[in-house]
1. So which of Thr71, Thr35 ends up being open to solvent by less than 70 Å² (accessible area, probe 1.4 Å) and at pLDDT 90 or above?
2. Between a first residue in region 54-82 that is at positive phi and a second residue that is modelled with pLDDT of 80 or more and not in a helix (DSSP H, G or I), which pairs have beta carbons less than 9 Å apart while being 6 or more apart in sequence or on different chains?
Amino acid sequence: MDLNNNNLNDQTELRARGDWNQIKGAAKQKWGNLTDDDLTYQEGKQDEWFGQLQQKTGHAIDDIKSWFHNTFSSDSNTNTTNTSNQNRS
């Protein structure tokens, strides 16, 4: 489901909020010229935010959204795996 029409699954978006500092660090590693200010997200301003990231990185908005989606998904899979492994102990 995508209640706010930002082309990101709502579950993905919720997981991302919980791991945002980790994701910001990964984004800064991928695009070295991004700052904390660039990665400050304001609710309801997704289009502006992605546009600013596009200008700063020189990458297409769809590529940026895809990177964030893949990063959120892989981070979630890692957390699920770690939790499963901890439950077995």
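1. Values: Thr71 fails: at pLDDT 90 or above.
Answer to the check: Thr35.
2. Qualifying pairs under 9 Å: Gly58/Trp31.
The values are calculated or read from the model by the stated rules, or taken from the named source; none is laboratory data. Since this is a predicted model, take the numbers as computed values, not measurements. Cβ sites come from the backbone with ideal geometry, for glycine too, and all protein chains shown count toward neighbours. Protein only, heavy atoms only, side chains kept; ligands, DNA and RNA dropped before computing areas. Shrake-Rupley method; radii C 1.70, N 1.55, O 1.52, S 1.80 Å.
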